[in-house]
Amino acid sequence: MKRIVFKVGSSVLTETNSIARERMLNLVSLIVEVQKKSEVVLVTSGAVAAGYTALKLDRKKQITKKLLAAVGQPILMSSYKSKFDIYGVDIAQILLTEDDFDSRTHTKIFQEIIDRALENNILPIVNENDISTTPDQLFGDNDQLSAHVTHYINADMLVVLSDIDGYYDNNPHENPEAKIRKIVNEITDEELTQQHTPNSDFATGGIVTKLRAAKYIMSKNKEMFLCSGFDLTVAREFLIEGIHNQGTLFTKKN
Ligand code: GLU
């Protein structure tokens, strides 16, 4: 059975200071559909953004950002839970830090937990443990976290559902002629040194962190698909119908 990791960003999950319930419900229903043929793990951002819906503290300062994550993580999970309950899917919350990936013992523990969850038809929902970690134990953005999860749990593909609907051949904000590159086989170092450009206040990434994740994924001979998380038509076509109309597939295969 194929194993697929989904990654969804804060800007997709929140809108005007509350959880974007309809978008989350669409995501949940897509995951349930994909689960019929594949094992699925979800990496979700949105804890800090969800915390901010309840508490207006400074999200730029380290301690208040952690408090927002602490407040927001249960808001986020209960929102997922009520939606997965509709489909009778049980979920498990798994919070990881960079340290979980650099020691054999630590890594083995989370790999086994995820394997065991999947064996028991439980959907693992992963986020970074923003709360108790020091800055050097943090990935800082879930693009890298999800790429590492994909490799370490031996998944086949990472699907990034983002406010960026693909990797363009030119900056789409400056050039209306810019087109989405459907297949990318290689990422140069130059492409990785562009400016970071997160599109929303809560997003940590931008195209560069996606490209870094894609480069890592390709170096492990796996694939990454980047498409819109706002409208899941493209993701659904690609994953359910096997049609690649839009979105970018990063793959070593030609
Ligand atoms: N872990 C952070 C959160 O849940 C998000 C990190 C990111 O934006 O990638 O808010």
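The values are calculated or read from the model by the stated rules, or taken from the named source; none is laboratory data. Since this is a predicted model, take the numbers as computed values, not measurements. Virtual Cβ from ideal backbone geometry, glycine too; neighbours counted across all protein chains shown.
Points to keep in mind about this one:
- Conditions (1) touching a helix residue (DSSP H, G or I) at 6+ places or on another chain (Cβ under 6 Å); (2) at pLDDT below 95; (3) outside any loop (DSSP other than H, G, I, E, B): number failed by A203: (3)
- Flag if Q111 is part of a strand (DSSP E or B), at negative phi and free of Cβ contacts under 8 Å to residues at least 60 places away in the same chain: no
- On inspection, K215 fails the criterion of being surrounded by 22 or more Cβ atoms within 10 Å (Cβ to Cβ), among the charged types (D, E, K, R) and at negative phi.
- All conditions but one from (1) more than 28 Å from Y152 (Cβ to Cβ); (2) away from the ligand (no atom under 15 Å from the Cβ); (3) modelled with pLDDT of 95 or more apply to E39; the one that does not is (1).
- Applying a threshold of 6 Å to beta carbon distances and a minimum spacing of six or more residues, or different chains, the list of pairs starting in the stretch 54-81 at a residue that is within 23 Å of S29 (Cβ to Cβ) and ending at one that is assigned to a helix (DSSP H, G or I) and among the basic types (K, R) is empty.
- Qualifying residue in the stretch 43-53 (condition: crowded, with 17+ Cβ neighbours inside 10 Å and away from the ligand (no atom under 14 Å from the Cβ)): no
- Matching residues in the stretch 54-66 - criterion: being within 12 Å of the ligand (Cβ to nearest atom) and assigned to a helix (DSSP H, G or I): K65, K66
- Checking N127 against (1) among the polar types (S, T, N, Q); (2) within 26 Å of L239 (Cα to Cα); (3) assigned to a helix (DSSP H, G or I), the condition it does not meet: (3)
- Of the residues making up the stretch 138-158, just one is assigned to a loop (DSSP other than H, G, I, E, B) and aromatic (F, W, Y), namely F139.
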